[in-house]
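Visitor: Before we start, here is the structure in question, set down as structure tokens.
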Amino acid sequence: MIPLHENLAGKTAVITGGSGVLCSAMARELARHGMKVAILNRTAEKGQAVVKQIMAAGGTACSVSADVLDRRSLVQAKEDILGRFGSVELLINGAGGNHPDAITDVETYVEAGEGQSFFDMDEGGFSTVFSTNFTGAFLASQVFGKELLKADSPAIINLSSMSAYSPMTKVPAYSAAKASINNFTMWMAVHFAETGLRVNAIAPGFFLTKQNHDLLINRDGTLTGRSNKIIAGTPMKRFGKPEDLLGTLLWLADESYSGFVTGVTVPVDGGFMAYSGV
Ligand SMILES: NC(=O)c1ccc[n+]([C@@H]2O[C@H](COP(=O)([O-])OP(=O)(O)OC[C@H]3O[C@@H](n4cnc5c(N)ncnc54)[C@H](O)[C@@H]3O)[C@@H](O)[C@H]2O)c1
């Protein structure tokens, strides 16, 4: 178990997409270190399940409904959180996801096969996936940013992806959005550097979660061809576990560990990015 970061105790973390697989693990861990955790999701009930777990372990948390693509709902959530917890010191932009409308059925154009090609992708679906993974982080940073600037040693942590560097096949909107997240992380880091607000990102490698389940696991529970390629491309030869992200999260959140670190995206990927495949 990771030793307690006393520096974080009593501070508030807002986590968009906080009931998701990776971000709920982050929420539970930050609460264990004494942070008050606000979980933002479109449906508050999903967040409530995580809140229950946190409270059962003696932590403090609340679940607030907000859509990261709807500024008004974010403002409402901010007021609700400030009313309960009084301040915001950490924002994790974790909301993200994919949609079949923005996924091609084949990896390359010349590959034989039925289904959705590049030319069939729906413009609306493409935009929604791009916005969910990029504009949502921009909007939440705008809405919570002014509160962060009032706080002592505040931080934003964005969720990027391996697809930001070399885009994964089939998911062009998601990949473009995550590449934008890396760029925006650097932009905000520079913009706010002198205020004390640090902005960094974590780029997880491949973790089995709901959003990628159908691409990685066949109906009979076996690994898809895509999964086998991922494992072959991951020198540590396994998928990540949500707990694999927590040390990096705490390092970036805790100013006493990373006070001179801003504008970086940290890969947590079992070596995926370092491996040429040869
Ligand atoms: N799973 C992986 O392997 C992996 C790899 C790299 C990056 N990531 C990124 O990490 C983050 C968390 O991923 P996860 O695997 O835990 O996914 P997840 O699908 O379990 O969680 C994502 C959460 O975001 C929420 N969400 C989606 N759209 C929203 C909106 N408009 N407003 C508010 N909430 C919304 C969903 O309800 C869900 O709770 C995402 O940004 C994802 O892209 C995941």
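Visitor: Only residues in region 258-273 that are open to solvent by less than 50 Å² (accessible area, probe 1.4 Å) count as the first member; pair them with residues that are in a loop (DSSP other than H, G, I, E, B) and of a type in the set (Ser, Thr, Tyr), Cβ under 6 angstrom, at least 6 apart or cross-chain, and list the lot.
Guide: From region 258-273, the pairs are 265/160; 270/234.
Visitor: For region 233-269, what are the residues that are assigned to a strand (DSSP E or B) and over 11 Å from residue 205 (Cβ atoms)?
Guide: In the first step, residues of region 233-269 are kept if they are assigned to a strand (DSSP E or B); the result is 240, 265-268.
Scanning region 233-269 gives 265, 266.
Visitor: Something else about it: Name every residue in region 4-35 that is open to solvent by less than 50 Å² (accessible area, probe 1.4 Å) and of a type in the set (D, E, K, R), in order of residue number.
Guide: Across region 4-35, the qualifying residues are 11, 29.
Visitor: From the list 195, 135, 185, which residue is within 20 Å of the chain's Cα centre (by Cα) and open to solvent by 10 Å² or more (accessible area, probe 1.4 Å)?
Guide: 135
Visitor: Then there's this: Among the residues that make up region 108-117, is at least one of them surrounded by fewer than 20 Cβ atoms within 10 Å (Cβ to Cβ), within 13 Å of the ligand (Cβ to nearest atom) and either of a type in the set (A, V, I, L, M) or closer than 28 Å to residue 89 by Cα (or both)?
Guide: If we filter region 108-117 for residues that are surrounded by fewer than 20 Cβ atoms within 10 Å (Cβ to Cβ), which is where we start, we get 108-117.
Still in the list and also within 13 Å of the ligand (Cβ to nearest atom): none.
No, every residue in region 108-117 fails to be surrounded by fewer than 20 Cβ atoms within 10 Å (Cβ to Cβ), within 13 Å of the ligand (Cβ to nearest atom) and either of a type in the set (A, V, I, L, M) or closer than 28 Å to residue 89 by Cα (or both).
Visitor: I need the helices (runs of 4 or more DSSP H) fully contained in region 1-101, keeping only those with at least 3 residues that are within 11 Å of the ligand (Cβ to nearest atom) and within 23 Å of residue 254 (Cβ to Cβ).
Guide: On the way: elements: 21-32, 44-56, 71-85.
So the answer is 21-32.
Visitor: Give the residue that is modelled with the highest pLDDT, with candidates limited to residues of region 141-195 that are away from the ligand (no atom under 14 Å from the Cβ) and farther than 21 Å from residue 253 by Cα.
Guide: Restricting to residues being away from the ligand (no atom under 14 Å from the Cβ) and farther than 21 Å from residue 253 by Cα, the top hit is 172.
Visitor: Going by what's in this entry, would residue 91 be described as in contact (Cβ under 8 Å) with a residue 24 or more places away in the chain, aliphatic (A, V, I, L, M) and open to solvent by 30 Å² or more (accessible area, probe 1.4 Å)? Lay out the reasoning, then the answer.
Guide: Details: in contact (Cβ under 8 Å) with a residue 24 or more places away in the chain: yes; aliphatic (A, V, I, L, M): yes; open to solvent by 30 Å² or more (accessible area, probe 1.4 Å): no.
Answer is no for this residue.
Visitor: With the checklist (1) over 21 Å from residue 134 (Cα atoms); (2) hydroxyl-bearing (Ser, Thr, Tyr); (3) surrounded by fewer than 22 Cβ atoms within 10 Å (Cβ to Cβ) in hand, flag the one item residue 63 doesn't pass.
Guide: All conditions pass for residue 63, except number (3).
Visitor: Counting only residues that are on the phi > 0 side of the Ramachandran plot and touching a strand residue (DSSP E or B) at 6+ places or on another chain (Cβ under 7 Å), how many does region 1-20 have?
Guide: Of the residues in region 1-20, 1 are on the phi > 0 side of the Ramachandran plot and touching a strand residue (DSSP E or B) at 6+ places or on another chain (Cβ under 7 Å).
Visitor: May I pose another question? What single numbered condition from (1) within 16 Å of the ligand (Cβ to nearest atom); (2) modelled with pLDDT of 95 or more; (3) open to solvent by 30 Å² or more (accessible area, probe 1.4 Å) fails to hold for residue 226?
Guide: (2)
The values are calculated or read from the model by the stated rules, or taken from the named source; none is laboratory data. The shown structure was predicted, so the numbers you read here are calculated from the model rather than taken from an experiment. Glycine also receives a Cβ, built like all others from the backbone with ideal geometry; neighbour counts cover every protein chain displayed. To get the accessible areas, we keep the full protein, side chains included, count just its heavy atoms, and leave off ligands, DNA and RNA. Shrake-Rupley method; radii C 1.70, N 1.55, O 1.52, S 1.80 Å.
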